[in-house]
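Peer 1: Quick one: the structure is below, and I'll ask about it shortly.
Derivation of every value follows stated rules applied to the coordinates shown; laboratory data play no part. A quick note: this is a predicted structure, and the numbers were derived from the prediction, not measured. Glycine gets a Cβ as well: all are built from the backbone with ideal geometry, and neighbour counts include every protein chain shown.
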Amino acid sequence: MKLRIKRIAGMISLVALLTGAAAPFLWVKGDSVIPGVRINGVAAGGFSKAQMVDFLQEENKAMEKENLNLVKDSVKETWNYKDLHVSYDEHSLDEALAIGRQGSLFQQWKDRWAALLSGKAAHIDASFDEEAVKKKADQLIKTYSKPPQNAMPRFHSDGSITFSKGRPHLAISEEDLMQGVKDMLETGRGGEMEIPVTEEVKPNMSDKEAEEINTVLARYST
């Protein structure tokens, strides 16, 4: 009787062990992301390919509102992601689907348990229109390669003065600019980047100084 009980207990233990070992394969459908995977910070475990495509479409729609702000002191240039055609490509989803499906059977089992217990991040890089980015970069370099321009006054009939925006001279590193912009756009998230400058010449009157002048103090004529 005791021997029979031991055999039954042993069989139960074996079944439990085999079930536990096979669990990561039983939980996952062939066309879905394995549990524990996060795509760009979003929990995607169990997502089918169709669901992931819908997810990317929502991400791309939100991305159209993102901006890249290029700054240097008082300079601020804004590039809109929609104009640069920044988006996630559906082919990039293959990386997320491949997690837990590569290597030997043991390696897949190991990867699936690791993802389930500790999580696994899958980052998808966004693509963009390189020609549009190059055009923007060329225009930026051309604009600020000119001699510095002072903020110019505009006199109004009520005696107030406003100033046009001054412009410094910036010698911009094209290589560093393109690399920095590329790195930012691939994240798919807007943000701020400092313009890589090798030389800067500021105008004699800065925008800040111009803001302090707002009224005509005297007039004369000859």
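Peer 1: Net charge near Gly100, counting Lys/Arg +1 and Asp/Glu -1 over other residues with Cβ under 11 Å of its Cβ?
Peer 2: So the surrounding residues net to +3.
Peer 1: Can you tell me the FRET efficiency between Glu199 and Lys134 if r is taken as the Cβ-Cβ distance and R0 is 22 Å, rounded to the nearest 0.05? Don't skip to the end; give the middle numbers.
Peer 2: Numbers: r = 22 Å, r/R0 = 1.01.
Efficiency, rounded to the nearest 0.05: 0.50.
Peer 1: Give the calculated FRET efficiency between Ala50 and Met152 to the nearest 0.05, with a Förster radius of 45 Å applied to their Cβ-Cβ distance.
Peer 2: Approximately 0.20, to the nearest 0.05.
Peer 1: Set Lys and Arg Cβ to +1 and Asp and Glu Cβ to -1, take the dipole of segment 72-170 about its Cα centre, and tell me which of His123, Ser74, Gly103 lies farthest positive.
Peer 2: Sorting the options by dipole projection puts first Ser74.
Peer 1: Continuing with the same structure: Stretched out fully, how many nm does the piece from Leu105 to Asp183 gain, at 0.36 nm a residue minus the Cα gap? Walk me through the intermediate numbers first.
Peer 2: Values: separation 78, 0.36 × 78 = 28.08 nm, distance 3.57 nm.
Between Leu105 and Asp183, full extension yields 24.5 nm more.
Peer 1: Could you derive backbone 3J(HN,Hα) for segment 49-59 from the dihedral phi with the Karplus parameters 6.51, -1.76 and 1.60 (θ = phi - 60°), listing whole Hz in sequence and x where the residue is Gly or Pro?
Peer 2: Calculated HN-Hα couplings, in order: 4, 5, 5, 5, 5, 4, 4, 5, 5, 5, 5 Hz.
Peer 1: Tell me, what is the FRET efficiency for His169 and Lys82 to the nearest 0.05, using R0 = 30 angstrom and their Cβ-Cβ distance as r?
Peer 2: With R0 = 30 Å, the Cβ-Cβ based efficiency is 0.45.
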